[in-house]
1. Here's a check for you: in segment 1-22, which residue that is surrounded by 10 or more Cβ atoms within 10 Å (Cβ to Cβ) and among the β-branched types (Val, Ile, Thr) is nearest to residue 129 (Cα to Cα)?
2. Every residue in segment 13-36 that is of a type in the set (Gly, Ala, Ser) and either without any contact (Cβ under 8 Å) to a residue 40 or more places away in the chain or touching a Pro at 6+ places or on another chain (Cβ under 9 Å) (or both), please.
3. Could you please find all residues in segment 23-37 being open to solvent by 20 Å² or more (accessible area, probe 1.4 Å) and not in a loop (DSSP other than H, G, I, E, B)?
4. Looking at segment 88-131, which of the residues that are of a type in the set (Val, Ile, Thr) and over 18 Å from residue 29 (Cα atoms) is most open to solvent (accessible area, probe 1.4 Å)?
5. Is it the case that residue 40 is closer than 17 Å to residue 98 by Cβ, of a type in the set (Asp, Glu) and open to solvent by 70 Å² or more (accessible area, probe 1.4 Å)?
6. Can you tell me which residue among 92, 84, 44, 67 is assigned to a helix (DSSP H, G or I) and either under 30 Å from residue 110 (Cβ atoms) or in contact (Cβ under 8 Å) with a residue 12 or more places away in the chain (or both)?
7. Consider residue 87 carefully, then state whether it is in contact with a strand residue (DSSP E or B) (Cβ under 8 Å, 6 or more places away or on another chain), under 20 Å from residue 128 (Cα atoms) and of a type in the set (S, T, N, Q).
8. Kindly indicate whether residue 55 is assigned to a loop (DSSP other than H, G, I, E, B) and either of a type in the set (Ser, Thr, Tyr) or within 16 Å of the chain's Cα centre (by Cα) (or both).
Amino acid sequence: MTHLPDTGYTPTAEDRASLDSWFAAYDAASGKRDVERMADMAVFPLNLVSDDSAGSGRSAQWDRQQFVATMTQVMGDGSQDITFESSRTPVFLSASMAVVFTDSTMTADGHTQHLRYADILLKRDGTWAFQTMIQGGWGDNL
């Protein structure tokens, strides 16, 4: 069993439901390779944190144009949708901030890949948006 840290904020059922709903919409956009819609769901400049092939930590900030260009290249233009099966563990810092740890299996064009990553999301005007993406192994691309 995962024991979440005591952040001083106890999320409501609505907090969790709204976050789950946001991820369902984001996964749907990702599955269709709708990078423009994915960008609509972000706060820019977007922070990215990773490590590179030499084992050094790396970070970057992307504007919307860089996000769209990079994600379009990464996701490719396959003819089939991408599917995700994900398990998410959100840690709510407040009603409007959450760090979400994800273990996911992604299948694209017949190839399966296991992913582990974290996102920092903010709720603004009642809507969640991701602001920071954290995943190992992408630092050479930053």
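The values are calculated or read from the model by the stated rules, or taken from the named source; none is laboratory data. Everything quoted here is computed from the prediction, not taken from an experiment. Neighbour counts run over all protein chains shown; Cβ positions are idealised from the backbone, glycine included. Side chains are part of the model used for accessible areas, which takes the heavy atoms of the whole protein and leaves out ligands, DNA and RNA. Shrake-Rupley method; radii C 1.70, N 1.55, O 1.52, S 1.80 Å.
1. 12
2. First, the residues of segment 13-36 that are of a type in the set (Gly, Ala, Ser): 13, 17-18, 21, 24-25, 28-31.
Within segment 13-36, 13, 17, 21, 24, 25, 28, 29 qualify.
3. Start the filter on segment 23-37 by keeping residues that are open to solvent by 20 Å² or more (accessible area, probe 1.4 Å), which leaves 24-28, 32-34, 36-37.
Hits for segment 23-37 are 24, 25, 26, 27, 28, 36, 37.
4. Filtering segment 88-131 down to residues of a type in the set (Val, Ile, Thr) leaves 89, 91, 99-100, 102, 105, 107, 112, 120, 127.
Checking the rest, the ones that are also over 18 Å from residue 29 (Cα atoms) come to 89, 91, 99-100, 112, 120.
Working: 89: 43, 91: 15, 99: 32, 100: 1, 112: 85, 120: 56 Å².
So, considering only residues that are of a type in the set (Val, Ile, Thr) and over 18 Å from residue 29 (Cα atoms), the one most open to solvent (accessible area, probe 1.4 Å) is 112.
5. On the way: closer than 17 Å to residue 98 by Cβ: no; of a type in the set (Asp, Glu): yes; open to solvent by 70 Å² or more (accessible area, probe 1.4 Å): yes.
Judged against the criteria, residue 40 is not a match.
6. Values: 92 fails: assigned to a helix (DSSP H, G or I); 84 fails: assigned to a helix (DSSP H, G or I); 44 fails: assigned to a helix (DSSP H, G or I).
Unique residue meeting the criteria: 67.
7. Values: in contact with a strand residue (DSSP E or B) (Cβ under 8 Å, 6 or more places away or on another chain): yes; under 20 Å from residue 128 (Cα atoms): yes; of a type in the set (S, T, N, Q): yes.
When the stated conditions are applied, residue 87 passes them.
8. Values: assigned to a loop (DSSP other than H, G, I, E, B): yes; either of a type in the set (Ser, Thr, Tyr) or within 16 Å of the chain's Cα centre (by Cα) (or both): no.
No, not satisfied.
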